[in-house]
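> I have a structure here, written as structure tokens, and I will follow up with some questions on it.
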Amino acid sequence: MEKKRPQFNLDELHRLKWLLGGMLVLLSVWTVFYLDFQAWTLMGLTTVAVITTLIWPGLPARVPPWWHRLAFPAVVLFFVGDLWITGQVLPAIVRLDILLLLYRGTTYRQKRDDLQIIILGLFLIVVAGVLTVSLVFAAQILLFTACALAFLLVINLVESAEVSPVKPNAVDRPTWVNMGWRRLWARGREVADWRVITLGGVLFVGVVGLSALLFLAIPRFQLENSLFLERFVTKKARTGFNDTIKFGDVTEIQQDNSLALSVDVTDRAQIPAAPYWRMLVLDEYRDGTFRLSAPLRRANFTGEITSSIARGTARAPKGEPVFWTFYFESGVSRYLPLLGPFEQLRFGETQNFRLAAKLGVLALREEPAAMIAYRVAGMNVADTLEDASFALRLKDHKAPDRLTSTLQMLRVGLKDPDQAVLTGIVTQITGGAVLSAGEFTRRATAWLDKQHQYSLSPVVPPGVGDPLVRWLVSHEAGHCELFAGCFVLLARTAGFPARIVTGFRGGTWNAYSNNFTIRNSDAHAWCEVFDLPTASWLRADPTPGAVTGADEKVQGEATLARRMDRGWSARWDSLRVFWYRRIVNFDQRTQAETLKAVKTATEKSGKQLRVTLSELVERLKTWLASPWTVRRVAKLFSALALLVLAGWAWREFGRGWWRQFRRKDARADPVRAKAGRWLREFSSVAQGSVGKAEAESARSAGAGQATPPSNEAREVQQVRAELERLRFGARATWPEPEPVFRRAQRALRAARRRGRVTGS
């Protein structure tokens, strides 16, 4: 008689359903980590409440009934108030969803309530999937999917196991809450079948693999503006990367070492020694603050464009085109990093933006809510920026009635005492001579380097007057903003148009994914001074430690060797870049390249396999055709003998060892192991007296006779039930082991004495 495998009872299924529901709630609300929403308090409250009720599931029964009657009106009032105060639709809906999950995750549920958890959690997963491209989120969504499938399976098992379904409410204390988690874990180990677990794992991996193949094969289509969800999210750019910069803003960004930008380039020879990733040009100085002036904005920025392509003013260089692919992280700025003017910039989807082609600046309407990818062709990476129109305006300029962008580049805007200080310093720098823009830049940079040191914790001396001038005449250390701001004031005092540029400088070359990695700690501010003879803006970086001179001309592999990064952070960043390249930024072009690569690899592998098989066949023919000497025959028979000996050893010893290894859990408990041995003894005599006695009792019951089972059959049934409890049951349900083993021994010994069965 085959023993039936143990199964979960109804209370155990309810307890498992409670656990899976809580896990789904936690996986759902933890998507707040990927969203820039003010929902951290609700997320923390939900996490603590759900974990508490998972550990002590009897707590929800202690909540008074009036709380449940007021819960729904309170949630509605919270949502209406949230929407009224913040005016942001999507964040308010997300917070509403978290509140509903909090309630459903901490109260006893019916089937429809369990399904609501799946729907509410799926909404948060979809929102996070649209607004984030995190690699960790990819693992989280796989875990959510597996947990949701198991949750649905347990829901159906509970429904099928209930003879007369009871509809619990949020107040009544169910019977399953009295079961401990240790008992459920022990029962899970008893019920678990490695074959079922392996099959489920294979099916899940197969589903994921099939989804990956469909992802590669299905046609690409453009989903405009990410389901429009980004329109409901208000993002705030980092201070220092917006239209206004105060001293210390860029320094605050430098304290953050998180990833800001990853860049792929098709030609390494084009990589400059000191990449300056420009984002914004600031020309107006007033009250200790640089900002983008209205005249410069009107003169250079176009009206808003809605397109996936931005066309610049640079001409494509001769030869093979060079493409730069940027992966710009969210939470940095709406101004996109670039190396300079470009020929064409292409987004993955339609964007709303304004372009200042002559400045090499592109601004989105709003800061992107998730990582944004764009590809640039024909980009000028030189340290100069041609601007013939500005040169013409500067030559033909006459004082107008209103301040133009040309005058703004020359205006210092300081009162007489501070202006006199600047004039004296400029005279000291120039020596009264007329200098070119390049020579003035060299001398002014050297003067600042001699006067000040670099520090991320600068001190501006107190006093009256402009803060920049006070720092300039002191010997205090300063950061890049102070150096750049003072240089602009000195250059304008000397008669050179100058402006501040903010963005990033440098970066590292990831040795694993072969791309540039720029972090927020690489944030920088530098200057541009106009050189009239060449009609171009010259880059000027007065911050100590900047790469200048001949070193700035070094490009290609020499640059990569200096910036190579092989640390653990580079390994993690390489996974992120792979995710961006192959999954997030998987467009039609990438799809065609991937399918072509798969086809090429398949053809190459097939050809290599045929060549390998042909070589093996030829070797076999050569081996068979070679002379068969005595030594060769002896070697062949020796190898065959070793194979036969290995097979015999496995049959005699290996199989028994493997069986013992598979039963190591049973061997770990001697009582369970001994009970298992006695159960095998009973199975070995199933055709003897024991089996006959049981069959006789069964026939009597089937015939409707009232004949009770014999004493022998009753003894066997009782002993076997107790042995099965010792072998498979929880310790709390065990009878005394030794009396059970003695009764089992007496029953089998009595059967052998009667001669009805043979000894084992």
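> Of the peptides 260-271, 334-345, 111-122, how do they stack up when ordered by the mean number of other Cβ atoms within 10 Å, highest first?
Working: 260-271: 18.4, 334-345: 22.4, 111-122: 16.7.
Sorting 260-271, 334-345, 111-122 by mean packing, highest first, produces 334-345, 260-271, 111-122.
> Among 508-520, 178-190, 624-636, what's the highest-first ranking by average C-beta atoms within 10 angstrom per residue?
508-520, 178-190, 624-636
> Next question. Give me the extension gain from ILE51 to ALA477: residue separation times 0.36 nm, minus the current Cα-Cα distance, reported in nm with one decimal.
Here the segment from ILE51 to ALA477 would lengthen by 148.3 nm.
> Modelling each spin label as a point 7 Å along the Cα-to-Cβ direction, I'd like the ARG742/THR430 distance in nm, to one decimal.
The two pseudo-label positions are separated by 11.5 nm.
> Each residue of segment 412-426 in order: what ³J(HN,Hα) in whole Hz does its phi give by Karplus 6.51 cos²θ - 1.76 cosθ + 1.60, θ = phi - 60°, with x for Gly and Pro?
Working through the residues one at a time gives 8, x, 10, 6, 4, x, 5, 5, 5, 4, 4, 4, x, 5, 4 Hz.
> List the residues, sorted by chain then number, that are 5 or more residues from MET379 or on another chain and whose placed amide H is less than 5 Å from its amide H.
Those lying under 5 Å, H to H, from MET379 are GLU343.
> In addition: Taking each pair of distinct Cα atoms in segment 406-537 once, what is the resulting Kirkwood hydrodynamic radius in Å?
So the Kirkwood estimate lands at 16.1 Å.
> Which value, in Å², gives the accessible area per residue of segment 46-200 when a 1.4 Å probe is used on the protein heavy atoms?
About 57 Å² of surface per residue is accessible.
> While we're on this one: Output wanted: per-residue J couplings in Hz (rounded whole) for segment 346-355, from phi through Karplus 6.51 cos²θ - 1.76 cosθ + 1.60, θ = phi - 60°, x for Gly and Pro.
Values, residue by residue: 10, 8, x, 8, 4, 10, 9, 8, 10, 10 Hz.
> Of the listed pairs LYS17/LYS674; LYS395/LYS415; LYS415/LYS450, which have alpha-carbon separations greater than 32 Å here? Could the numbers behind the result be given before it?
Details: LYS17/LYS674 35 Å; LYS395/LYS415 27 Å; LYS415/LYS450 26 Å.
Distance filter (> 32 Å) returns LYS17/LYS674.
> Okay, next question. For an R0 of 35 angstrom, estimate the FRET efficiency from the Cβ-Cβ distance between LEU153 and LEU83 and round to the nearest 0.05. Mind dumping the intermediate values first?
Values: r = 38 Å, r/R0 = 1.07.
E(calc), rounded to 0.05, equals 0.40.
> Would you mind checking which residues have amide H under 5 Å from GLU386's amide H? H placed 1.01 Å from N; only 5 or more apart, or other chain.
TRP537
> Counting only residues 5 or more places away or on other chains, whose amide H sits under 5 Å from the amide H of GLN351 once H atoms are built in the peptide plane?
Amide H neighbours of GLN351, under 5 Å, 5+ apart: SER307, SER308.
> So what's the convex hull volume per residue for the Cα atoms of segment 262-305, in Å³? Before the final figure, lay out each step's value.
Numbers: hull volume 7.0 nm³, N = 44.
Cα convex hull per residue, to the nearest whole number: 160 Å³.
> What full-extension length gain, to one decimal in nm, is calculated for LEU143 and ALA646 as 0.36 nm per residue of separation minus the Cα-Cα distance?
176.7 nm
> Ranking request for peptides 388-394, 480-486: highest mean number of other beta-carbon atoms within 10 Å first, then the rest in descending order. Please list the in-between numbers first.
Details: 388-394: 15.4, 480-486: 26.3.
Those peptides, ordered most packed to least, come out 480-486, 388-394.
> Per residue, how much accessible surface does segment 267-410 expose to a 1.4 Å probe? Answer in Å², no decimals. Show your work: numbers first, answer last.
Values: 6090 Å² over 144 residues.
Per-residue value: 42 Å².
> Still on this structure, please answer the following. Which whole-Hz couplings ³J(HN,Hα) result when phi for each residue of segment 495-502 is put into the Karplus expression 6.51 cos²θ - 1.76 cosθ + 1.60, θ = phi - 60°, listed in order with x for Gly and Pro?
Running phi through 6.51 cos²θ - 1.76 cosθ + 1.60 with θ = phi - 60° gives x, 9, x, 8, 7, 9, 10, 10 Hz.
> Separation between the LYS607 and ALA192 pseudo-spin-labels, each 7 Å from Cα along Cα→Cβ, expressed in nm?
Reported label-point gap for LYS607 and ALA192 is 4.8 nm.
> Another question about this same structure. Which loop trypsin sites (Lys or Arg not before Pro) in segment 1-87, with loop taken from DSSP, have no more than 13 other Cβ atoms within 10 angstrom of their Cβ?
Those satisfying the criteria are LYS3, LYS4.
The values are calculated or read from the model by the stated rules, or taken from the named source; none is laboratory data. Owing to the predicted nature of the structure, the values given are computational and were not obtained by experimental measurement. Neighbour counts run over all protein chains shown; Cβ positions are idealised from the backbone, glycine included. We work out accessible area using only protein heavy atoms, side chains counted, and drop any ligands, DNA or RNA first. Shrake-Rupley method; radii C 1.70, N 1.55, O 1.52, S 1.80 Å.
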